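Input: one structure, supplied below.
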Amino acid sequence: MLGVIQYSLLTIFWAPLVGVGLYGAGLAIYRLFLSPLAKFPGPKLAALTRKYESYYEAVQNYEYLWKIKAMHEKYGPIIRINPHELHIDDNDFFDKLNSFQGKWEKDPYTAHQFANPGSLVGTIDHDLHRKRRAAVLPFFSKQKIYALEPVIQSTIDRLCDKMQFYQKTGQSLNLRNAFKCFAADVVAEYCFAESGGLIDKPDFAAENWVQHQQGLKSGLRARYFPQWYMPVVRGAPAWIRQTVDPAAKHFEIWHRDVEGPVGRMETRKNDEFYEKAGHRTIFHELINSPHLPPAEKETIRVIQEAGAMVGAGGESTSQVLTAFMYCLLANPQAMSKLREELRSVVPTADSPAPSLRQLEALPYLTGCVKEALRLRTGKIARHQRVPAGRSLYYKDWEIPAGTIVSMTPIFVHIDPEIFPNPHTFMPERWLNLNEAERQRLEHYFVPYSKGARQCAAITLANSELYMCIAAIVVRFDLELFETDEWDTEMAIDSHHHSPRLGSKGVQVFAKKSTF
Ligand code: HEM
């Protein structure tokens, strides 16, 4: 009898372990030998488990992208970088992978990392994504941006007023935080006709950005879990959330920040709202659109879209602005050429700000904007695409339908065959080109990605870069403080480009302008 009980207890104990072991062994055999991706080159460990990638992210400080680059050197232009994903390092394939032709879905792991399936960035399905994109795209037309130029200009003026405070007190300021406040305030004004007022916060809301970064990291970790992970963790009681993922609370704050403005839009009538706002906004139009089905106007979906928009708009733009200003400060020759050119539209530091159209017509400034975007591309993460319902072909390789395929824009931008001396800030490379040379460079210039999933707000982002940099270059002499190249290099893939651990970002002293 005792023997039977012992046998049963052993069975209860071992059976699940044996089951898990058999499942693991079966999965390993499938991934390594039977999966349609088994034929693709790459390290076996990467093919076996996503833990390989998560090791480079967690232990090697988010540097898997450079490991991917090294893997390409060893295994060739197409490699398997995790059990579900292929990566291609061939500049001429970028257009094919990022095209308007055919149906493209998004990688479900990455799409859901920020728990916002209601947003454009979080929409996996091709057709739903198209509908959602069509609803917001008109707000980013060139005409709309020109019409809203005063919104950008008034935010720049607020930023410069605040920088004057630093000039007077002689304190250093953190450009990254300053530009984050600027970019987030512009997007908030643009989306809700309400500035977040971040520029006016003490120390350019530094504490806010530390928390924001934590929230971002919580999202990044979610990539290594199934799709249900984020919704379950976020829906769990607070003490469970805190235990499983302490950083998730920062993520929630981020979403809560947009709940207020969205709520206020939902309760105000159009006329009343616009009388106060003075300009039309993306989200008020969406909420009141007669063309969108009710499900697309539900509060939760609008909040997710708004949160993603503010995140996408604030992070990428501020990172590029910061690196852009660093590149100018570290290259006095480029700075003085830019100032020389700017004098044609702003004679003195006190002259009224030039229009966006005037700035866009300046070739050297345009070269500087392009170089900043090429070298510090804002969104450093690889761009994943999933061909839906058809195979994709790369050279002799057939990539099965439904496979996650990715490319990394920075790899295109640092190819010396296309951009000689690729790590050097050289606005001149964009000047005096004949038509064929210009087209060639533009073809490989992909900071906003391309195709159906490219950045929705290219016009807004470019306008911010032109207007903000021109204003600061004219109104201040900035001096780098305890900052060098290391603080701005594209090293870490935390979705957006962010400085290395231990870096304080780009710090400067703002001095009286000698323009
Ligand atoms: C210099 C600044 C910016 C850069 C470099 C940038 C870059 C990008 C890139 C590369 C993507 C595609 C990501 C992917 O393929 O997964 C993207 C998507 C997106 N960006 Fe930007 N972005 C910038 C500024 C902005 C701004 C200011 C906004 C909004 C106010 C914005 C809103 C979006 C949205 C909504 C998407 C998703 C588009 C879609 O899935 O259809 N971005 N951005």
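What are the residues in segment 299-327 that are away from the ligand (no atom under 16 Å from the Cβ) and in contact (Cβ under 8 Å) with a residue 60 or more places away in the chain, if any? Let's see the steps before the verdict.
Residues of segment 299-327 that are away from the ligand (no atom under 16 Å from the Cβ), as a first pass: 299-300.
Once the filter is applied, which keeps residues that are away from the ligand (no atom under 16 Å from the Cβ) and in contact (Cβ under 8 Å) with a residue 60 or more places away in the chain, segment 299-327 yields only I300.
For (1) more than 18 Å from the chain's Cα centre (by Cα); (2) surrounded by 23 or more Cβ atoms within 10 Å (Cβ to Cβ); (3) away from the ligand (no atom under 15 Å from the Cβ), each residue gets a yes or a no:
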{"residue": "K370", "(1), (2), (3)": "no, no, no"}
{"residue": "R374", "(1), (2), (3)": "no, yes, no"}
{"residue": "I380", "(1), (2), (3)": "no, no, no"}
{"residue": "H383", "(1), (2), (3)": "no, no, no"}
{"residue": "G389", "(1), (2), (3)": "yes, no, yes"}
{"residue": "K395", "(1), (2), (3)": "yes, no, yes"}
{"residue": "I399", "(1), (2), (3)": "yes, no, yes"}
{"residue": "G402", "(1), (2), (3)": "yes, no, yes"}
{"residue": "P409", "(1), (2), (3)": "no, yes, no"}
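Shifting gears a bit: Taking helices (runs of 4 or more DSSP H) that fall entirely within segment 408-500, which contain at least 2 residues that are closer than 26 Å to I199 by Cβ and in contact with a Ser or Thr (Cβ under 7 Å, 6 or more places away or on another chain)?
Values: elements: 409-413, 435-443, 458-475.
The qualifying helices (runs of 4 or more DSSP H) are 458-475.
Give just the number: which of (1) out of contact with any strand residue (DSSP E or B) (no Cβ under 6 Å at 6 or more places or on another chain); (2) buried (at least 21 other Cβ atoms within 10 Å of the Cβ); (3) closer than 23 Å to Y448 by Cα does N82 not satisfy?
Unmet for N82, out of (1) out of contact with any strand residue (DSSP E or B) (no Cβ under 6 Å at 6 or more places or on another chain); (2) buried (at least 21 other Cβ atoms within 10 Å of the Cβ); (3) closer than 23 Å to Y448 by Cα: (3).
Right, something else. Is it the case that some residue within segment 323-330 is loosely packed, with under 13 Cβ neighbours inside 10 Å and within 20 Å of V186 (Cβ to Cβ)? Show your work before the answer.
Filtering segment 323-330 for residues loosely packed, with under 13 Cβ neighbours inside 10 Å gives none.
No, because not a single residue in segment 323-330 is loosely packed, with under 13 Cβ neighbours inside 10 Å and within 20 Å of V186 (Cβ to Cβ).
For segment 450-473, which residues satisfy the criterion of being among the charged types (D, E, K, R), crowded, with 21+ Cβ neighbours inside 10 Å and either near the ligand (Cβ under 6 Å from one of its atoms) or over 14 Å from V369 (Cα atoms) (or both)?
Narrowing segment 450-473 to residues among the charged types (D, E, K, R): 450, 453, 464.
Right, trim to crowded, with 21+ Cβ neighbours inside 10 Å and you get 453, 464.
The answer is R453, and nothing else.
Tell me, please, whether a residue that is surrounded by fewer than 18 Cβ atoms within 10 Å (Cβ to Cβ), farther than 30 Å from P294 by Cβ and without any contact (Cβ under 8 Å) to a residue 12 or more places away in the chain can be found in segment 101-114.
Scanning segment 101-114, I find at least one residue that is surrounded by fewer than 18 Cβ atoms within 10 Å (Cβ to Cβ), farther than 30 Å from P294 by Cβ and without any contact (Cβ under 8 Å) to a residue 12 or more places away in the chain, so the answer is yes.
So that you can scan it fast, the table gives a plain yes or no per residue for (1) among the basic types (K, R); (2) surrounded by 20 or more Cβ atoms within 10 Å (Cβ to Cβ); (3) within 13 Å of the chain's Cα centre (by Cα):
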residue: N288; (1), (2), (3): no, no, no
residue: P293; (1), (2), (3): no, no, no
residue: V302; (1), (2), (3): no, yes, no
residue: E305; (1), (2), (3): no, yes, no
residue: T317; (1), (2), (3): no, yes, yes
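Looking only at segment 139-155, which residues are over 21 Å from the mean Cα position of the chain (by Cα) and in a helix (DSSP H, G or I)?
If we filter segment 139-155 for residues that are over 21 Å from the mean Cα position of the chain (by Cα), which is where we start, we get 142-144, 146-151, 153-155.
Within segment 139-155, K142, Q143, K144, Y146, A147, E149, P150, V151, Q153, S154, T155 meet the criteria.
Sticking with this one: Considering only residues of segment 152-195 that are aliphatic (A, V, I, L, M) and within 12 Å of the ligand (Cβ to nearest atom), which is nearest to L359 (Cα to Cα)? It would help to see each step written out before you state the result.
Going residue by residue through segment 152-195, those that are aliphatic (A, V, I, L, M) are 152, 156, 159, 163, 173, 175, 178, 183-184, 186-188, 193.
Within this subset, residues satisfying the condition of being within 12 Å of the ligand (Cβ to nearest atom) are 152, 183-184, 186-188.
Working: I152: 14, A183: 19, A184: 22, V186: 19, V187: 21, A188: 24 Å.
Ranking the qualifying residues of segment 152-195, first place goes to I152.
Values quoted throughout were computed directly from the atomic coordinates according to the rules given, and no laboratory measurement underlies them. Here the structure is a predicted model, which means the values were calculated and not measured. Every residue, glycine as well, gets a Cβ built from its backbone with ideal geometry; the counts of neighbours run over all protein chains shown.
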